[in-house]
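The values are calculated or read from the model by the stated rules, or taken from the named source; none is laboratory data. The structure displayed is predicted, hence computed values, not measured ones. Glycine also receives a Cβ, built like all others from the backbone with ideal geometry; neighbour counts cover every protein chain displayed. SASA here: full protein model, heavy atoms, side chains in, ligands and nucleic acids out. Shrake-Rupley method; radii C 1.70, N 1.55, O 1.52, S 1.80 Å.
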Amino acid sequence: AVAEGDPAVVGLVIRSIACTGDRPPSTCTGALIAPRVVLTAAHCLRARRPGELRVLFGRDRASGALIDVDDGVVHPQYDPTTQRFDVALLRLARPAEQEPFVVETRGLDATFEGASVRLVGFGLDETGASGVKRAGTARVSTLEAETFRYAPGPAMTCGGDSGGPVLADLGMGERL
């Protein structure tokens, strides 16, 4: 479903070099975790420098606001073969006006298995179009030491949702 809220969920777009005014489609999704910091997937930066990206705030690429990215860092242990440590941080050229997500820092235990989570991203829809923020629910299927997996509940992520948040309410409101 189209997500009207979630202002801290952002789309990553390639900085346009054309003079047409067209906005390029989103390539990945991210989550604002501080006024100038976006958390995303490391593989979203493969073959591009952070400065080639802009961050899209809003419901869709047609009406959203863009902020340039001026720096970024990929997790030093990121392994593109196994996708371990698939995490990156982007620094915005200026602070965003949106309130950042509250990031859960407590460890998760076995009670998290089976939990309902909300997925939000700018990925492909059922027609293959992207650039509109959508949300759906999934269920945590397995919890491991460094990761967890989720299964349809009924939603799943699609291309372009990479780096987007998985949101859960662990009793203190929704957390990233």
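Scanning the range 77-111 for residues that are touching a Phe, Trp or Tyr at 6+ places or on another chain (Cβ under 8 Å), assigned to a loop (DSSP other than H, G, I, E, B) and not charged (D, E, K, R) yields GLN77, TYR78, PHE85, VAL87, ALA96, GLN98, LEU108. Restricting ARG54, ARG48 to those that are part of a loop (DSSP other than H, G, I, E, B), modelled with pLDDT under 95 and in contact with a strand residue (DSSP E or B) (Cβ under 9 Å, 6 or more places away or on another chain) reduces the list to ARG48. Of the numbered criteria (1) open to solvent by less than 30 Å² (accessible area, probe 1.4 Å); (2) of a type in the set (Phe, Trp, Tyr); (3) closer than 22 Å to HIS43 by Cβ, the one PHE112 fails is (3).
The C-beta contact set for the range 26-53 (first residue without any contact (Cβ under 8 Å) to a residue 24 or more places away in the chain, second residue part of a loop (DSSP other than H, G, I, E, B) and among the aromatic types (Phe, Trp, Tyr), distance under 9 angstrom, 6+ apart or interchain) is empty. Is it the case, given these coordinates, that ALA42 is surrounded by 14 or more Cβ atoms within 10 Å (Cβ to Cβ) and over 14 Å from VAL9 (Cβ atoms)? Criteria met by ALA42. Exactly one residue among ASP71, ASP60, ASP79, ASP86 is in contact with a strand residue (DSSP E or B) (Cβ under 6 Å, 6 or more places away or on another chain) and either at pLDDT below 95 or under 16 Å from GLU146 (Cα atoms) (or both), and that residue is ASP60. None of ILE33, ILE17 is at pLDDT below 90 and open to solvent by 10 Å² or more (accessible area, probe 1.4 Å) except ILE17. Within the set GLY72, GLY171, the sole residue that is of a type outside the set (A, V, I, L, M, F, W, C) and more than 23 Å from THR27 (Cα to Cα) turns out to be GLY171. Determine whether the range 117-126 contains at least one residue that is over 20 Å from PRO50 (Cβ atoms), more than 14 Å from the chain's Cα centre (by Cα) and modelled with pLDDT under 90. Looking through the range 117-126, at least one residue is over 20 Å from PRO50 (Cβ atoms), more than 14 Å from the chain's Cα centre (by Cα) and modelled with pLDDT under 90. Within the range 119-131, residues that are open to solvent by 10 Å² or more (accessible area, probe 1.4 Å) reach partners that are modelled with pLDDT under 85 and in a strand (DSSP E or B) with beta carbons closer than 6 Å, at six or more positions or on different chains, in the pairs SER130/SER26.
The set of residues in the range 56-92 that are in contact (Cβ under 8 Å) with a residue 24 or more places away in the chain, β-branched (Val, Ile, Thr) and more than 14 Å from SER162 (Cα to Cα) comprises ILE67, VAL69, VAL74.
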